[in-house]
1. Mind telling me which of the residues 65, 98 ends up being assigned by TED's automatic domain parsing to the domain that holds residue 165, of a type in the set (A, V, I, L, M, F, W, C) and surrounded by 21 or more Cβ atoms within 10 Å (Cβ to Cβ)?
2. Looking at region 53-105, which of its residues are of a type in the set (Gly, Ala, Ser) and within 15 Å of the chain's Cα centre (by Cα)?
3. Could you identify the single residue in 224, 166 that is within 30 Å of residue 75 (Cα to Cα), of a type in the set (Gly, Ala, Ser) and in a helix (DSSP H, G or I)?
4. Kindly indicate which of 78, 26, 21 is surrounded by fewer than 16 Cβ atoms within 10 Å (Cβ to Cβ), modelled with pLDDT of 90 or more and of a type in the set (D, E, K, R).
5. In region 191-212, what residues are assigned to a helix (DSSP H, G or I) and surrounded by fewer than 20 Cβ atoms within 10 Å (Cβ to Cβ)?
6. Condition first: in a loop (DSSP other than H, G, I, E, B) and more than 30 Å from residue 226 (Cβ to Cβ). Now tell me which residues in region 130-150 satisfy that.
7. Quick check on my filter: what residues within region 213-227 are surrounded by 19 or more Cβ atoms within 10 Å (Cβ to Cβ) and within 30 Å of residue 176 (Cβ to Cβ)?
8. Which one is nearest to residue 32 (Cα to Cα), of the residues in region 157-203 that are modelled with pLDDT of 95 or more and polar (S, T, N, Q)?
Amino acid sequence: MTHPLDTPKQASAGVGSSQPRKASSRSDLFPQLIAMQKRLKASNFAIFRVVGSGPPSRRKLVCELENLGADAPQICERFLNAYSVTLIEHIDSSLLPLIWSGSSAGSFVEAPEFSALLVRLAPGAVPLAGIAFPVRLGATGNGFVIFMAEELDLASDDIIQHHVESCRLMTDLLSMDERRTPHAEALSEREIACLQLAGDGRISEEIAGKLGLSVHTVNAYLGSAAIKLNSVNRIQAIAKAIRLGYIH
């Protein structure tokens, strides 16, 4: 059975025809997170992002947003000490949500309709039970949207919908960070044209023929665009150019 969120592209399509307003600041994300929290009958949320590169041992999770209250530093530390390595290894290979039971008496999480598509972590590491929705958006956009409560009884439709919304939230968060990051210089018209055609699935030879350029020049434009967008390859450059509004 294929999980409905095997790829970020699928997730971004959403459920239904209505799309939420795109957040322009981090404060815009809180009402969305609170609404998701209420629908799950959860008590808290947190967003963790994967930072660093290379093998899991060289990466870590950092908390970007949360409403865990005065004990947030301690809760985050306990959570990360228990699960960070597992979560980072998990997101490299799977987008299945993860669940865990808390250490408090009677703290549990159940999802009987969806249990085959959930990964259950060792219980008792933190006081509250929870569910973590993994989101994989590229080298700098991977992370988890987490909801916690004393008890969580999750329906399959809620899990799917909240995973979709988690992808949207992480996409908005990544876009905000990229807009705040100054680029060395704006993309040129030729760089944008080459990125647009590459994003449409054209290879360098086809782009060269379309624009009347040599293949070498096309590759040079794509390479310079990737550098300006602080991307490691043309695929990441295309994704970032779309998020920044250079291409569509």
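1. Working: 65 fails: surrounded by 21 or more Cβ atoms within 10 Å (Cβ to Cβ).
One residue alone meets the criteria, 98.
2. Narrowing region 53-105 to residues of a type in the set (Gly, Ala, Ser): 53-54, 57, 69-70, 72, 82, 84, 93-94, 101-105.
Correct list: 93, 94.
3. Working: 224 fails: within 30 Å of residue 75 (Cα to Cα).
Selected residue: 166, the only one of 224, 166 that is within 30 Å of residue 75 (Cα to Cα), of a type in the set (Gly, Ala, Ser) and in a helix (DSSP H, G or I).
4. Values: 26 fails: modelled with pLDDT of 90 or more; 21 fails: modelled with pLDDT of 90 or more.
Going through 78, 26, 21 in turn, the sole match is 78.
5. Within region 191-212, the first condition is being assigned to a helix (DSSP H, G or I), and the residues that meet it are 191-199, 204-211.
Selection gives 192, 193, 196, 199, 205, 206, 208, 209, 210, 211.
6. Going through region 130-150, the residues in a loop (DSSP other than H, G, I, E, B) turn out to be 136-142, 150.
Of everything in region 130-150, just one residue is in a loop (DSSP other than H, G, I, E, B) and more than 30 Å from residue 226 (Cβ to Cβ), namely 150.
7. Let us first name the residues in region 213-227 that are surrounded by 19 or more Cβ atoms within 10 Å (Cβ to Cβ), namely 218, 221-222, 225-226.
Answer for region 213-227, where residues must be surrounded by 19 or more Cβ atoms within 10 Å (Cβ to Cβ) and within 30 Å of residue 176 (Cβ to Cβ): 221, 222, 225, 226.
8. Per the stated criteria, the residue is 166.
The values are calculated or read from the model by the stated rules, or taken from the named source; none is laboratory data. Here the structure is a predicted model, which means the values were calculated and not measured. Note: ideal-geometry Cβ built from the backbone for every residue, glycine included; neighbour counts use all protein chains shown.
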